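Here is the structure we will look at, set down as structure tokens.
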Amino acid sequence: MNRVAIDGIYDVLVTGQNLDDEAATIFRNIINSATGYLKRKSSVLESTRPGLLRKAKLFCRFYEHETPAYAILRRIKNIASVLTQSDLNIFITMIYSIT
């Protein structure tokens, strides 16, 4: 992904990791005593070496089921997971309460 982003002349690599992914990664790092990785848990990771872009985790504060709702609201195609109408209604309510 980094190579494609650099070839496309982008400054930041944005990924779709969500809150569930972040929690699982933190838990795995604690269980494996990989505490060095814990200090890198942030929504934006700066480049650590030349040729490696900054990384932004766009959905790191969203639960997994909220990500497809965002994609549906933004009309992004190819949603892999199934979203119920109830989930979508909850997400829309959250968006309006934030704005």
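Read the figures in this text as sums done on the coordinates, not as results from a lab. Source: prediction; values computed, not measured. Cβ placement follows ideal geometry from the backbone for every residue including glycine, while neighbour counts extend to all protein chains displayed.
Figures for the structure shown
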| quantity | calculated |
| --- | --- |
| Karplus (6.51, -1.76, 1.60) ³J(HN,Hα), θ = phi - 60°, over segment 46-54, in Hz, Gly and Pro reported as x | 6, 5, 9, 7, x, x, 10, 6, 4 |
| Built amide H within the under 5 Å cut-off of Val14, gap 5+ | Ala56 |
| Residues whose placed amide H lies under 5 Å from that of Tyr63, excluding near-sequence neighbours | Leu19 |
| For segment 12-24, Karplus couplings with θ = phi - 60° (6.51, -1.76, 1.60), whole Hz, Gly/Pro x | 9, 9, 9, 10, x, 5, 10, 4, 4, 4, 4, 5, 5 |
| Label-point gap, in nm, between Arg40 and Met1 - each point 7 angstrom along Cα→Cβ | 1.3 nm |
| In nm, spacing of pseudo-spin labels at Tyr10 and Asn29 (7 Å Cα→C-beta vector) | 2.2 nm |
| HN-Hα J in Hz across segment 36-45 - Karplus 6.51, -1.76, 1.60, θ = phi - 60°, x for Gly and Pro | x, 6, 5, 6, 8, 7, 8, 6, 10, 10 |
